[in-house]
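Comments concern the structure below.
Just so you know, all these numbers are worked out from the coordinates, no wet-lab data involved. Here the structure is a predicted model, which means the values were calculated and not measured. Here the Cβ positions follow ideal geometry from the backbone for every residue, glycine too, while neighbour counts run over all protein chains shown.
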Amino acid sequence: MKLSDKAKRLIDGKNFASVATLMPDGSPQVAPVWIDRDGDTIILNATVSRQRTRNLRRDPRVAICIFEQNNPYSNVLIRGKVVGITKKGGEQHIDKMNMKYRGIPKYAYHNPKDPRVLIRVKAARIHEM
């Protein structure tokens, strides 16, 4: 599914997303994250050891809520599936996200023992508020 113009605008802006995944027992796990996109593919960045990474490797279903920082009543809710998880480009991407969100070109917490991964998500349903 293609992302709506509003979804693209919120993702491209300096807005946080809440990402919900499923724990092994089926209970939800939610985390605030930085968010990006490549065309109509949503990109999340996490470390290999993060709970959301482990959850999404096991069950690719995900829900994402992105809200406008200056007006949280303006938001987009997306349900979708992970279409890929890769280490390739993960470290460079977190530097890009650090620049977007903090205005600093280099992410200070790179850890070679816990490498970054790119999690690619395709939307299946989009609801705008």
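Remarks
- The lysines whose alpha-carbon is closer than 23 Å to the alpha-carbon of LYS8, local same-chain residues fewer than 8 away aside, are LYS81, LYS96, LYS100, LYS122.
- For LYS6, the aspartates and glutamates whose Cα comes closer than 13 Å to its Cα, not counting residues fewer than 8 places off in the same chain, are ASP40, GLU68, GLU128.
- Under the Karplus curve 6.51 cos²θ - 1.76 cosθ + 1.60, θ = phi - 60°, whole-Hz ³J(HN,Hα) for segment 99-110, x wherever Gly or Pro sits: 5, 4, 8, 10, x, 10, x, 10, 5, 7, 10, 4
- Hz values of 3J(HN,Hα) by residue in segment 74-86 - Karplus curve (6.51, -1.76, 1.60), Gly and Pro given as x: 9, 8, 10, 10, 10, 10, x, 9, 6, 10, x, 10, 9
- ASN71-ILE104 FRET efficiency (beta carbon distance; Förster radius 35 Å; 0.05 resolution): 0.85
- Residues whose amide H lies under 5 Å from that of TYR107, counting only those 5 or more places away or on a different chain, are ASP95; hydrogens are built 1.01 Å from N in the peptide plane.
- Net lengthening on full extension, ARG57/VAL30 (0.36 nm per residue, minus Cα-Cα): 8.2 nm
- Three-way shape call for segment 61-129 based on the alpha-carbon gyration tensor, with the a/c threshold at 1.5: oblate
- The order of the peptides 44-52, 103-111 by mean Cβ neighbours within 10 Å, most packed first, is 44-52, 103-111.
- Prolate/oblate/rounded call for segment 5-128, Cα gyration tensor, a/c under 1.5 rounded: oblate
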